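Notes follow the structure.
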Amino acid sequence: MRFIKIITILIIFIAVSRCCSVAEEAELNDKIMKIDDLKPGMKGYGKTVFSGDKIETFGVEILGILKNYEAKSNMILVRLTGNVVEKAGIISGMSGSPIYINDKIIGALSYAWAFSKEPIAGVTPIDEMLKVLEDDLKVDENNQSDLSFVAKSNLIKTNPAIKTNPTVKLTPIQTPLMVSGFDSRVFSIMGSEFDMLGMSPIQSGGSVETEPEGDVQLLPGSAVAAQLIRGDLNASAIGTVTYRKGNRILAFGHPFLQMGKINLPMAGAYVHTTLSSILLSAKMASPTREIGRISQDRKAAIAGIIGEFSKMIPCRAKISGTRNAEYNFEVVSNKMFAPNLMQMAFLSSILASENSAGEKVVELGLSIFIDETERPIVLKNIYYDAGPGWYPVYHITQPIGELLNNCFKPITIN
């Protein structure tokens, strides 16, 4: 009899759980509007942060649907209204701002035209973005390893400009890369190189703390940051959260770099102000406390997990010369970003402490601690240099890229 009671309770529990699951699914479907239900002239609103951490709304009008604007992808064409967007246009950092019609989410503000005279933009449909969450869950279930592609490029070596005929096309809204602590000469190099990756470096302040400690939340419309380097030098890409389900979020509405499965630190962001510019209107922001990690970088969105954290590579630059200085920072453990960011960070450290023009002798040393060896890998060399020190720094930091991109096995730099 006791066994029968237990079985009965278990059946009831399963039935109730299934009912809750169905109810949650129905509630989710009620809050989503698909593109087939959209008509030109329908009006709604979007959510984003223009200042501080307060989520504000702006007006939206549906202009039409661009079916198959790219292979197997649709785009919702909208016009934005409101004091801020009518003055500043489409703002860098608004990528991912959720758009609602009849209080149902239709997608994320994500694409625009360069130098457009009106705030007309493209919205990535929410059903295409939700597939990124499905991909993320599948990766967790299969426990796949990080398959990030091998990148041998060096940002210090600029590529020649490629001339193309003028085209009028939708492009992802530029992602502002908030940078602080870097020398102005290195910042100029970052501008030309990161622009090719769809990011616009903007000089800003370092990270800001929030009070109290636990008030950082990521909700639809919140500003979110992907941290690439932090500490005495900082660089964070800023966007907007589109959708949240439990501890998982979707943001941007377009790829960061479309690297697939990734592992980048995710933080909140505080918007100091919105800068209106003919060239590029942008949110001036700083990252706040780290609260999770970005796990997917796909065409329709990036996905993140709150409460899981990324390992970063701790770095220290010690300068001994005319004046002694020490810089401490962490760089994202990513084979594409880490080598280039380290080059720029070390070079900035030297340029901030020593003369950059005139003849000089530079002694450089590098110590790398990795899991596979008990002792560090040590490199030392002496250079004569009459320029700003580009080549010596590249030469001494090149092994970092070789280690991270080796074809034999993954390397963890400690």
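The values are calculated or read from the model by the stated rules, or taken from the named source; none is laboratory data. Values in this document were obtained by computation on a predicted structure and should not be read as measured data. Ideal geometry is used to build each Cβ from the backbone, glycine not excepted, and the neighbour counts take in all protein chains shown. Ligands, DNA and RNA are excluded from the accessible area calculation, which covers all protein heavy atoms including side chains. Shrake-Rupley method; radii C 1.70, N 1.55, O 1.52, S 1.80 Å.
Below, the figures for the structure above:
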read-out: Sole residue being open to solvent by less than 30 Å² (accessible area, probe 1.4 Å) and closer than 17 Å to residue 280 by Cα, chosen from 73, 95, 116; value: 95
read-out: Count of residues meeting criterion [among the charged types (D, E, K, R) and part of a helix (DSSP H, G or I)] in the stretch 324-371; value: 0
read-out: Residue 262 being open to solvent by 10 Å² or more (accessible area, probe 1.4 Å), in contact (Cβ under 8 Å) with a residue 60 or more places away in the chain and within 17 Å of the chain's Cα centre (by Cα); value: no
read-out: Residues within the stretch 349-363 that are open to solvent by 20 Å² or more (accessible area, probe 1.4 Å), in contact with an Asp or Glu (Cβ under 9 Å, 6 or more places away or on another chain) and either in contact (Cβ under 8 Å) with a residue 60 or more places away in the chain or among the hydrophobic types (A, V, I, L, M, F, W, C) (or both), tallied; value: 5
read-out: Residues (closer than 22 Å to residue 199 by Cα and in a strand (DSSP E or B)) located in the stretch 86-106; value: 92, 98
read-out: Extreme residue, nearest to the chain's Cα centre (by Cα), among residues of the stretch 372-408 that are in a helix (DSSP H, G or I) and farther than 24 Å from residue 183 by Cα; value: 404
read-out: Single condition residue 189 does not satisfy, out of (1) in contact with a strand residue (DSSP E or B) (Cβ under 9 Å, 6 or more places away or on another chain); (2) in contact (Cβ under 8 Å) with a residue 12 or more places away in the chain; (3) under 30 Å from residue 390 (Cα atoms); (4) not small (Gly, Ala, Ser); value: (1)
read-out: From 329, 346, residue being within 21 Å of the chain's Cα centre (by Cα), among the aromatic types (Phe, Trp, Tyr) and either open to solvent by 70 Å² or more (accessible area, probe 1.4 Å) or at negative phi (or both); value: 329
read-out: Test: residue 24 is over 27 Å from the mean Cα position of the chain (by Cα), modelled with pLDDT of 95 or more and of a type in the set (D, E, K, R); value: no
read-out: Output for the stretch 216-230, where each listed residue is outside any strand (DSSP E or B) and of a type in the set (S, T, N, Q); value: 217, 222
read-out: Some residue of the stretch 127-144 being modelled with pLDDT under 90 and in a loop (DSSP other than H, G, I, E, B); value: yes
read-out: Checklist (1) closer than 30 Å to residue 124 by Cβ; (2) in contact with a Phe, Trp or Tyr (Cβ under 9 Å, 6 or more places away or on another chain); (3) open to solvent by less than 40 Å² (accessible area, probe 1.4 Å) applied to residue 334, failing item; value: (2)
read-out: Residues within the stretch 333-376 that are closer than 16 Å to residue 405 by Cα and of a type in the set (A, V, I, L, M), tallied; value: 6
read-out: The one condition in (1) among the β-branched types (Val, Ile, Thr); (2) under 22 Å from residue 270 (Cα atoms); (3) touching a Phe, Trp or Tyr at 6+ places or on another chain (Cβ under 7 Å) that residue 49 fails to fulfil; value: (3)
read-out: Residue list for the stretch 267-314, restricted to those being within 23 Å of residue 136 (Cβ to Cβ), part of a loop (DSSP other than H, G, I, E, B) and either among the charged types (D, E, K, R) or open to solvent by 10 Å² or more (accessible area, probe 1.4 Å) (or both); value: 298, 299, 300, 307, 308, 309, 310, 311
